[in-house]
Amino acid sequence: MFPLGNNAQGPPSPGYYPSSRVGSVGFNQGFRNLWGSQHQRLDQGGLTIWLDRTSGSGFKSLSSYSSGYFGAAIKLQPGYTAGVITSFYLSNSEQHPGDHDEIDIEFLGTTEGKPYVLQTNVYVRGSGDGNIIGREMKFHLWFDPTKDFHNYAILWNPSEIIYFVDDVPIRRYARKSDATFPLRPMYVYGSIWDASTWATENGKYKADYNHQPFVGKYNNFKIGGCQAGAASCRPASASPSGGAGLSRQQLAALAWVQSRYKVYDYCRDSQRDHRQTPEC
């Protein structure tokens, strides 16, 4: 069912573990319920949110950030979850409706026996042109994300965005120009919701509420960020050098994931108009 059944065959060690540099925060210390409060439960530091016919649920950080390392350990629901999205992301959509920036980790639900897809995405709408230009890169995982909690994180600083799974870098999105990089402050969000129109095989399979409730579990929240408006703050780094980019060992782990588990890359999609994504 899953690309690898044996974690011993997992990725090469990245040699550096950014998550170990950021302390965990309790949910109430860093976040609050945003919607679907009746579909959200906090228990011994762990957060459970769920979707049924009546509602999904979402949460939001107490502060907004201009850069930082943001992560959570997440465990997904097994079985039929088509049409359901479980997410952890950064956004300023409430501050800039119709013209917002976003950095996404989204788990696209699936049908019985097929692996989840982890979708990463970057939206940059600060150009004001009103177009929603997705920059999706999708992956399978080298483990079953329904069996246990795994750490998923976004590192965003003025030069790059790096996505991590258990401290292994899976995607690096560099700032090649101001027009293709999110620069305005964002809040941290998580949610579970019905995206039947597109989530699973482009909408072929819909959410089936005979399988409700659909549950997402979160714990070990990490916020190592520069709060918006802070007088001085050192942006987070992904590498042991403390600068931009990744170490040689991290790059080897990144290449391992990209060569084996990447299943979609917007830059390699011949159906896309790449005049809209000049960074490709």
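A few comments on the model shown:
- The set of residues in region 199-221 being at pLDDT 95 or above and open to solvent by less than 30 Å² (accessible area, probe 1.4 Å) consists of Ala207, Phe214, Gly216, Tyr218, Phe221.
- The listed residue being open to solvent by less than 20 Å² (accessible area, probe 1.4 Å) and hydroxyl-bearing (Ser, Thr, Tyr), out of Ser259, Ser232, Ser239: Ser239
- Residue match in region 7-17 (condition: assigned to a loop (DSSP other than H, G, I, E, B), in contact with a Ser or Thr (Cβ under 6 Å, 6 or more places away or on another chain) and of a type in the set (Gly, Ala, Ser)): no
The rows are residues; the columns are (1) crowded, with 17+ Cβ neighbours inside 10 Å; (2) touching a Leu at 6+ places or on another chain (Cβ under 9 Å); (3) at pLDDT 95 or above; (4) aliphatic (A, V, I, L, M).
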{"position": "Gly225", "(1), (2), (3), (4)": "yes, no, no, no"}
{"position": "Gly243", "(1), (2), (3), (4)": "no, no, no, no"}
{"position": "Tyr264", "(1), (2), (3), (4)": "no, no, yes, no"}
{"position": "Asp273", "(1), (2), (3), (4)": "no, no, no, no"}
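- Test set (1) over 20 Å from Leu118 (Cβ atoms); (2) over 17 Å from the mean Cα position of the chain (by Cα); (3) not charged (D, E, K, R) - Phe181 fails condition number: (2)
- Selection count where residues are without any contact (Cβ under 8 Å) to a residue 24 or more places away in the chain and more than 15 Å from Glu136 (Cα to Cα), scope region 96-119: 1
- Number of positions in region 233-263 that are closer than 18 Å to Lys138 by Cβ and of a type in the set (Ser, Thr, Tyr): 2
- Within region 190-211, if we keep just the residues that are touching a Leu at 6+ places or on another chain (Cβ under 7 Å) and not aliphatic (A, V, I, L, M), the residue that is nearest to Ala230 (Cα to Cα) turns out to be Trp193.
Residues checked against (1) in contact (Cβ under 8 Å) with a residue 24 or more places away in the chain; (2) assigned to a strand (DSSP E or B); (3) not hydrophobic (A, V, I, L, M, F, W, C):
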{"position": "Ala207", "(1), (2), (3)": "yes, no, no"}
{"position": "Asn219", "(1), (2), (3)": "yes, yes, yes"}
{"position": "Lys222", "(1), (2), (3)": "yes, yes, yes"}
{"position": "Ala231", "(1), (2), (3)": "no, no, no"}
{"position": "Ser237", "(1), (2), (3)": "yes, no, yes"}
{"position": "Leu254", "(1), (2), (3)": "yes, no, no"}
{"position": "Asp273", "(1), (2), (3)": "no, no, yes"}
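- Residue match in region 89-99 (condition: of a type in the set (D, E, K, R), open to solvent by 10 Å² or more (accessible area, probe 1.4 Å) and within 15 Å of the chain's Cα centre (by Cα)): no
- Of all the residues in region 239-252, those that are within 21 Å of Asn121 (Cβ to Cβ) and without any contact (Cβ under 8 Å) to a residue 24 or more places away in the chain number 0.
The values are calculated or read from the model by the stated rules, or taken from the named source; none is laboratory data. Bear in mind the structure is a predicted one, so any value in this text is a computation, not a measurement. Methodologically, a virtual Cβ is constructed for each residue, glycine included, from the backbone with ideal geometry; neighbour enumeration extends over all protein chains shown. Heavy atoms of the whole protein, side chains included, go into the accessibility calculation; ligands, DNA and RNA do not. Shrake-Rupley method; radii C 1.70, N 1.55, O 1.52, S 1.80 Å.
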